Amino acid sequence: MRRLYLRSRSVQWIVGAGLFFGGIGLIIKAVLLLRFPAAVVAIPLLLSTYQLSITPAFRLLGIYRYHSPMLKVTIRTSRIYEIHGGTNFDYLLHLRWSERGPAAARKVMILYLEGLLDIARKVAQGTLPRSVTIAATSYFFRDQSAERLGFTILEPSLRLRLNLVANLLDLILMYSFTRGRLAFPQIWRVRQAVIRGEQLLAHQSSIETMIRTLQRAPVERAETPGREALCA
């Protein structure tokens, strides 16, 4: 089914429509039926269901623009290009249960970097302006790794902090998957990494080098995105 979904746009539309209307309908029903305090307890699960429901449809509609299977852009203007990691749907689609732990960590990190490389190429082609500010919303990389690629590390806005809190259940699940065990991300240590398009383009070779290094490295030595590159 996974291969059929990836190959067929018609299947993608069927799955996208089914998940969207089914998921939103389930959420509305739950909101109408649940009472306090059950409604409060159910909020993280409902938000996770919402993200799972909208991802395939939003990708098809272009609301989410993907630069790799695990790197998408949600806010796109001539000045700001806000990138985020994959959603719970993307993890289900592109990762296997047998890959949990270091194998998943390396795969996700490589796909993050390939997404950055695609953005750099879009800048080189003129599809994206060189002056655009590319912003990663959380632990996209360790501070040292981000700075090596030309990113500037800033304190995050309140909106970005709230976005992490709202998606905490999914972050825990994805973080645990890349660690191979139940683990909790330190979202209070969140940072924002920003870079201009022309600076990212100048570091294209560094991104390519990092990808090759990860591809050659033993699985056990791969960086864990759950710890060092968590992108909400």
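The values are calculated or read from the model by the stated rules, or taken from the named source; none is laboratory data. In this text, all values refer to a predicted model and were calculated from it rather than measured experimentally. Here the Cβ positions follow ideal geometry from the backbone for every residue, glycine too, while neighbour counts run over all protein chains shown.
Counting only strands (runs of 3 or more DSSP E) that sit wholly inside segment 106-197, those with at least 1 residues that are surrounded by fewer than 21 Cβ atoms within 10 Å (Cβ to Cβ) and not β-branched (Val, Ile, Thr) are 152-154, 192-196. The numbered conditions (1) over 19 Å from the mean Cα position of the chain (by Cα); (2) exposed (fewer than 13 other Cβ atoms within 10 Å of the Cβ); (3) in contact (Cβ under 8 Å) with a residue 24 or more places away in the chain are all true for Arg7 except (3). Scan segment 89-107 for residues that are under 9 Å from the mean Cα position of the chain (by Cα) and touching a residue at least 60 places away in the same chain (Cβ under 8 Å) and jot them down. Answer for segment 89-107, where residues must be under 9 Å from the mean Cα position of the chain (by Cα) and touching a residue at least 60 places away in the same chain (Cβ under 8 Å): there is none. Could you tell me whether Ser78 is in a loop (DSSP other than H, G, I, E, B) and among the polar types (S, T, N, Q)? So Ser78 passes the test.
Listed by first and then second residue, the pairs with beta-carbon distance under 8 Å, at least 6 apart or on different chains, first residue in segment 156-168 and farther than 15 Å from Gln51 by Cβ, second in a loop (DSSP other than H, G, I, E, B) and β-branched (Val, Ile, Thr), are Pro156/Thr137; Pro156/Val190; Leu160/Thr137; Leu160/Val190; Arg161/Val190.
Of all residue pairs spaced 6 or more apart or on separate chains, those with beta-carbon atoms under 9 Å, a first member in segment 48-67 that is part of a strand (DSSP E or B) and a second member that is modelled with pLDDT under 95 and of a type in the set (Ser, Thr, Tyr) are Arg65/Thr74.
Here Gly86, Gly150 are screened, and the one residue that is on the phi > 0 side of the Ramachandran plot and not aromatic (Phe, Trp, Tyr) is Gly150.
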